[in-house]
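Input: a single structure, listed below in structure tokens.
The values are calculated or read from the model by the stated rules, or taken from the named source; none is laboratory data. Predicted, not measured: the structure shown is a model, and the values here were computed from it. Don't worry about glycine lacking a Cβ; one is built from the backbone with ideal geometry, like all the others, and counts go over all protein chains shown.
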Amino acid sequence: MAYDSAFTAIADPTRRRVFEELRSGAKPVGVIAAKLPVSRPAVSQHLKVLLEAGLVAGRAEGTRRVYFIDPRGLGELRAWLDQFWDQSLAAFAAEVEKENQIKGKGRKR
Amino acid sequence: MNTVAIAPIRKSILVNAAPERAFKVFTEGMTRWWNKQYSINASPISEIVVEARAEGRWFERGEDGSECQWGKVLAWEPPSRVLLAWQIETGERWRFDESLVTELEIRFIADGEGTTRVELEHRNLDRLGDQAAVARQIFDSSDGWQGLLDRFAQKVD
């Protein structure tokens, strides 16, 4: 699922800057790189991760390629949250069990 | 007007503990069960704090001491219910947004002796999509969504 990697993708500060540069609209790699203290290939690498996470999409505009924030992520977001809460509740229940064993607080025989 | 309907997420799980302890582990003990991969801070999570009162903050503290807020406590009713605001904007960037409120309600219901049914509901998810909807309208008006999709499809490797 794309959102599985979205948190991780956006946790990197430079990558977050790259992503935020796209808030004002679609931009080519060169324009993004000019605003950040990193090289053009580095920006391309960050965009690749953002593309794989489903946060950013790309399209050709004339002779160049521009990147933009993928506006179709809502369904993916819900799906991601759905499995996220499944996973989280399971971890929570496991923690309760762990405490039961360590502290002998379990009331189940 | 583009209204995005998105159903709330509802989950339920049984735990072998009375509601009091289940409530405590969920809130006070969140650091112990939260998957640390899920962070919006650049610094790895050292602690997750749910302040034990209405209007309290819900935040992660990084290993470098920096704090990154996730939301706040809307209702604090131990041991039966806690209502949190999940305020992480996801449409265009992942960060805390004071103006965004999606509700995360957790109920702790005694189900026999020493067992609690924990029910979780994450609602108002459509609000997470406001930014996405805005972006969609922009694309619709400037370019034509279908045209954009068609070109995108052609250019995908």
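Each residue in segment B:8-33 was checked for being in contact (Cβ under 8 Å) with a residue 12 or more places away in the chain, facing chain A (nearest Cβ under 7 Å) and among the aromatic types (Phe, Trp, Tyr), and 1 of them qualify.
Quick check: anything in segment A:68-86 at pLDDT 85 or above and loosely packed, with under 15 Cβ neighbours inside 10 Å? There is at least one residue in segment A:68-86 that is at pLDDT 85 or above and loosely packed, with under 15 Cβ neighbours inside 10 Å. If you go through segment A:16-39 and keep only what is touching a residue at least 40 places away in the same chain (Cβ under 8 Å) and surrounded by 15 or more Cβ atoms within 10 Å (Cβ to Cβ), you end up with A:Phe19, A:Leu22, A:Ala26, A:Lys27. If you go through segment B:38-48 one residue at a time, do you hit one that is within 10 Å of chain A (Cβ to nearest Cβ) and within 19 Å of A:Ala94 (Cα to Cα)? Yes; the residues of segment B:38-48 include at least one that is within 10 Å of chain A (Cβ to nearest Cβ) and within 19 Å of A:Ala94 (Cα to Cα).
Table: residues versus (1) of a type outside the set (A, V, I, L, M); (2) in contact with a Cys (Cβ under 8 Å, 6 or more places away or on another chain); (3) crowded, with 17+ Cβ neighbours inside 10 Å.
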{"residue": "B:Arg10", "(1), (2), (3)": "yes, no, no"}
{"residue": "B:Val25", "(1), (2), (3)": "no, no, yes"}
{"residue": "B:Met30", "(1), (2), (3)": "no, no, yes"}
{"residue": "B:Trp34", "(1), (2), (3)": "yes, no, yes"}
{"residue": "B:Gln37", "(1), (2), (3)": "yes, no, no"}
{"residue": "B:Val50", "(1), (2), (3)": "no, no, yes"}
{"residue": "B:Asp64", "(1), (2), (3)": "yes, no, no"}
{"residue": "B:Leu84", "(1), (2), (3)": "no, no, yes"}
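Hey, does segment B:37-49 have a residue that's under 21 Å from B:Pro8 (Cα atoms) and not in a loop (DSSP other than H, G, I, E, B)? For segment B:37-49, residues under 21 Å from B:Pro8 (Cα atoms) and not in a loop (DSSP other than H, G, I, E, B): absent.
The residues in segment A:35-55 that are out of contact with any Ser or Thr (no Cβ under 8 Å at 6 or more places or on another chain), at pLDDT below 95 and among the charged types (D, E, K, R) can be counted, and the count is 2.
Would you say A:Leu22 is away from every other protein chain (no Cβ under 13 Å), over 23 Å from B:Trp34 (Cβ atoms) and modelled with pLDDT of 75 or more? The answer is no for A:Leu22.
Filtering segment B:1-44 to residues that are out of contact with any strand residue (DSSP E or B) (no Cβ under 8 Å at 6 or more places or on another chain) and at pLDDT below 85 leaves B:Met1, B:Asn2, B:Thr3, B:Val4, B:Ala5, B:Ile6, B:Ala7, B:Gln37, B:Tyr38.
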